[in-house]
Ligand SMILES: [Zn+2]
Ligand SMILES: [Zn+2]
């Protein structure tokens, strides 16, 4: 390409329209037009590719379509060296980040001011994107565990479960309830014990690396493995109890009911509203991290020892995923800690949940507080509203007097 040729001369009408649809977030128009296009690898006059545009708009569907059609993740003539992942990180859409990472984009690429995509996301406060990128490991790096090595007769993880295993490992929500529910929904319950061993091995291998060692990931694997060990303990207790209750009946009980027992154990609050079991378990988990001589271990130990220490779950989450600069709007699911849940308790509207299942699992605790929260919400905003009206009335009265 010669310097004299403006890049925008390469854009034909269809390409220009495609970018317009993206700019207007008109996904259906984009889709229709895209169906007749052969080559999706073009750039606009700023050197930004179509994929970069879709990523910047956080348009998950468009990004997926473009990747399916062979969009080049490395096509970039943008002077500032932003990859599509930098743009996705700025958009705040974690799904788009995830699609690009799965497509093989390099998370460590630097833009012209030496910032990675995760650093750009942190800069604009898109914490979930930071976590998605920093927690990412490639599926191919996990294939090792689905293969037979040395004395083994079978792999630790069946190859058919590689995708589920990958989804489990890269999950950013570290709440014990979410871990338990993910194990169930990803179909990993039947390999619980080998999954736990694999995570311990992954932690060990990470800490033995001579370069690119990632302490945070190592600690995360240790943590996930620890929660699985607790889940296994719960399953054993559950089985033993059902055997005692009468041999044949044990078969009738749903064998996954121990997940529910575990979830309730986690969510059980003491009189002060604290999660005793979580606190105890997570402190134990941190103490048992196999490597002492590392920053993350020391950092956690210091925080546990501090006066008025926050809950262990907060300390470990921050240690793995980094501190969040401010409290995010949108709140968290009261059951599994997921961000920005859609549902609220229909009675008190004071607590939020991902879905009916999360609400159902929390009800045994929430039923004690629901009425009180409802009463609070009925008295507080009304008195405030009344206060506001009173001031307005007063002002009106005063203005009448002045007139
Ligand atoms: Zn939830
Ligand atoms: Zn309620």
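What follows draws every value from the coordinates through simple rules; no lab data is involved. Everything numeric here is computed off the predicted structure, so don't read it as measured data. Every residue, glycine among them, receives a Cβ derived from its backbone with ideal geometry; neighbour counts consider all protein chains shown.
When only Cα pairs under 8 Å and 6 or more residues apart are kept, what is the percent relative contact order across region 139-323? Walk me through the intermediate numbers first.
Numbers: 170 pairs, mean separation 31.2, N = 185.
About 17 percent, as a whole number.
What spacing in nm lies between the two simple spin-label points modelled at residue 160 and residue 269, each 7 Å away from Cα in the Cβ direction?
4.3
Quick check on packing: order 352-365, 264-277, 39-52 by the mean number of other C-beta atoms within 10 Å, highest mean leading. Show your work: numbers first, answer last.
Values: 352-365: 17.5, 264-277: 14.0, 39-52: 20.1.
So the order, starting with the most tightly packed, is 39-52, 352-365, 264-277.
For the residues 132, 170, 116, 138, what sequence is obtained by ranking on other C-beta atoms within 10 Å, fewest first?
Values: 132 27, 170 18, 116 21, 138 13.
Going from sparsest to densest Cβ surroundings: 138, 170, 116, 132.
Could you tell me whether region 325-379 comes out rounded, prolate or oblate from its Cα gyration tensor? Rule is a ≥ b ≥ c as square roots of the eigenvalues, rounded for a/c under 1.5, then prolate if a/b exceeds b/c, otherwise oblate.
Values: a/c = 2.09, a/b = 1.24, b/c = 1.68.
Cα axes put region 325-379 in the oblate bin.
Relative to the compact-globule scaling 2.2 N^0.38 Å, provide the ratio for the alpha-carbon radius of gyration of region 139-323.
Values: Rg = 17.6 Å, N = 185, 2.2 N^0.38 = 16.0 Å.
So region 139-323 has a normalised radius of gyration of 1.10.
Taking a ≥ b ≥ c as the square roots of the Cα gyration tensor eigenvalues, with a/c under 1.5 meaning rounded and otherwise prolate when a/b beats b/c, else oblate, which class fits region 7-134? Walk me through the numbers on the way to the answer.
Numbers: a/c = 1.95, a/b = 1.51, b/c = 1.29.
The shape class here is prolate.
Tell me the mean residue ellipticity at 222 nm calculated for the chain from its helices only (DSSP H runs of n ≥ 4, each -39500 (n - 2.57), averaged over every residue, nearest 500).
On the way: 20 runs with 228 residues, N = 403.
Mean residue ellipticity, 222 nm, calculated: -17500 deg cm²/dmol.
Could you tell me the ratio Rg/Rh of the chain? Both radii from Cα atoms, Rh via Kirkwood. It would help to have the intermediate numbers written out before the result.
On the way: Rg = 26.0 Å, Rh = 24.8 Å.
Ratio of gyration radius to Kirkwood radius for the chain: 1.05.
So if each residue of separation counts as 0.36 nm, and I subtract the Cα-Cα distance between residue 68 and residue 239, what length gain in nm does that give?
Numbers: separation 171, 0.36 × 171 = 61.56 nm, distance 4.62 nm.
Taking residue 68 through residue 239 to full extension adds about 56.9 nm, to one decimal.
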